[in-house]
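Structure record follows, encoded as structure tokens.
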Amino acid sequence: MITFLIRRLIQAVTVLLAVSIITFGLFFLVPKLAGADPATLFAGKVTNPDALNGIRIKLGLNHPLWRQYWDFIGGFFHSRQFDNGPDKTTCPWPCLGYSFRNDQSVSTLIADRFPITLSLAIGAPILWLSVGVLVGRTSALRPRSFADRSSMLVALAAVSLPVYFTAAVLRLFVVFTWHWLPDITYVGFTKDPVLWGKNLLLPWISLAALYAASYARFTRGSMLEVLNEDYIRTARAKGLRERTVINRHAMRPVGTLIITLFGMDVGQLMGGAILTESVFGLPGLGKLGVDAIAAHDLPIIMGVTILAAFFIVAANIVVDMFYAVIDPRVRLS
């Protein structure tokens, strides 16, 4: 088990290193190849050649590309100094870059927005996993029944509707028309847990509606296939109770598929639910990235991209560990 974990960790570090190289190249090498100067993106409206040269020196853009990348990676392990003589700026550890448009380190900006994205990533997955698996299991056990057809019809409609449409409709009716809930204003969990959950209920439902529909369809399809296997018929012929057959034998292979989907979805969600945050005005990581793209704020875009990649890789490691527990043969792969 330890050897399996070490192999997966080495693979994860390799992937993250490759992502950092590709991301850094896209934002600093490609503009140079196209004849653009990255310093102008940091300068804003500044066109003075001396000011631009000062920005290049302070950000290290006058160094070779390999040196710039080395300094960038070094910021993951220690603080960085952006130095231009008397003009010095310190980026505390871990330094994912410094946004000179906002005059803040990227790590600070991400730390401020992360609790909002984490709140979304806690509530929505619980909803979609519990509802999706329950509906899919119920439909598989009663195929072609009214409950099966109606639930799959609702699931098909939920999958077809984009999340920004579902979120906008929910907000229109629940908040502005029926006044069942106040308009969305994020409140920290430690400040008021009840108000925290009340304000995030609609974003959770908006996200969960899309994912739960997919989980219901996957669960139903997998269970229908598993229920026709020989070992299921053998378990029933041995006189096992139907609940035992379903829970111990049928759900086990379905669980591997659900774990895979769940790990990937949560990993992507931790990088920022862009559409949901934008519709409800939640200043999470997704909205931070969108605003940075509009402002051409390269350090923030790079920081959010690398953080999103980290969560996806981490989710894959967790999924692999669950696989190793469920099926020991995975440890040999």
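The values are calculated or read from the model by the stated rules, or taken from the named source; none is laboratory data. No experiment lies behind these values; they were computed from the predicted model shown. Counting neighbours? That spans all protein chains shown, and the Cβs are built from the backbone with ideal geometry, glycine included.
Which of the residues spanning segment 193-210 are within 22 Å of Ala158 (Cβ to Cβ) and either among the β-branched types (Val, Ile, Thr) or outside any helix (DSSP H, G or I) (or both)?
Within segment 193-210, the first condition is being within 22 Å of Ala158 (Cβ to Cβ), and the residues that meet it are 200-210.
Passing the criteria: only Ile205.
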* To do: Kindly indicate whether Phe262 is among the aromatic types (Phe, Trp, Tyr), under 17 Å from the mean Cα position of the chain (by Cα) and buried (at least 21 other Cβ atoms within 10 Å of the Cβ).
  => yes
* Answer residue from segment 169-190, given it is aromatic (Phe, Trp, Tyr) and part of a helix (DSSP H, G or I) and is surrounded by the most Cβ atoms within 10 Å (Cβ to Cβ) among those -> Phe173
* Matching residues in segment 152-195 - criterion: being under 30 Å from Ala216 (Cα atoms) and of a type in the set (Lys, Arg) -> Arg171
* Structure fact -> Just one listed residue, out of Thr108, Thr117, Thr89, is β-branched (Val, Ile, Thr) and not in a helix (DSSP H, G or I), and it is Thr89
* To do: Specify the residue that is farthest from the chain's Cα centre (by Cα); the eligible residues are those in segment 80-119 that are loosely packed, with under 14 Cβ neighbours inside 10 Å and small (Gly, Ala, Ser).
  => Gly85
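So in segment 76-94, with the set limited to residues that are among the charged types (D, E, K, R) and at pLDDT below 85, which one is nearest to Ala51 (Cα to Cα)?
Start the filter on segment 76-94 by keeping residues that are among the charged types (D, E, K, R), which leaves 80, 83, 87-88.
Now drop any that are not at pLDDT below 85, which leaves 83, 87-88.
Details: Asp83: 14, Asp87: 12, Lys88: 15 Å.
Taking the candidates together, the pick is Asp87.
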* Asked: Are any residues in segment 218-242 polar (S, T, N, Q) and in a helix (DSSP H, G or I), and if so, which ones?
  -> Thr219, Ser222, Thr234
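Each row is one residue, and each column tells you yes or no for (1) surrounded by fewer than 16 Cβ atoms within 10 Å (Cβ to Cβ); (2) modelled with pLDDT of 85 or more; (3) touching a Gly at 6+ places or on another chain (Cβ under 9 Å).
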position: Phe280; (1), (2), (3): no, yes, no
position: Val290; (1), (2), (3): no, yes, yes
position: Pro299; (1), (2), (3): no, yes, yes
position: Met302; (1), (2), (3): no, yes, yes
position: Ala314; (1), (2), (3): no, yes, yes
position: Ala324; (1), (2), (3): no, no, no
position: Asp327; (1), (2), (3): yes, no, no
position: Leu332; (1), (2), (3): yes, no, no
* What about Ala273, is it buried (at least 21 other Cβ atoms within 10 Å of the Cβ) and either hydrophobic (A, V, I, L, M, F, W, C) or not assigned by TED's automatic domain parsing to the domain that holds Ser119 (or both)? -> yes
* Asked: Quick one: is Val194 of a type outside the set (Phe, Trp, Tyr) and loosely packed, with under 13 Cβ neighbours inside 10 Å?
  -> yes
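Look at Asp148 and say whether it is among the acidic types (Asp, Glu) and either under 30 Å from Met251 (Cβ atoms) or in contact with a His (Cβ under 9 Å, 6 or more places away or on another chain) (or both).
Values: among the acidic types (Asp, Glu): yes; either under 30 Å from Met251 (Cβ atoms) or in contact with a His (Cβ under 9 Å, 6 or more places away or on another chain) (or both): yes.
In short, yes.
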* Structure fact -> In segment 120-155, anything modelled with pLDDT under 90, more than 19 Å from the chain's Cα centre (by Cα) and closer than 16 Å to Ala208 by Cβ is listed as Ser151, Val154, Ala155
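Quick one: is Val245 in a helix (DSSP H, G or I), closer than 26 Å to Gly221 by Cα, in contact with a helix residue (DSSP H, G or I) (Cβ under 6 Å, 6 or more places away or on another chain) and at pLDDT below 85? Break it down stepwise before answering.
Values: in a helix (DSSP H, G or I): yes; closer than 26 Å to Gly221 by Cα: yes; in contact with a helix residue (DSSP H, G or I) (Cβ under 6 Å, 6 or more places away or on another chain): yes; at pLDDT below 85: no.
No, not satisfied.
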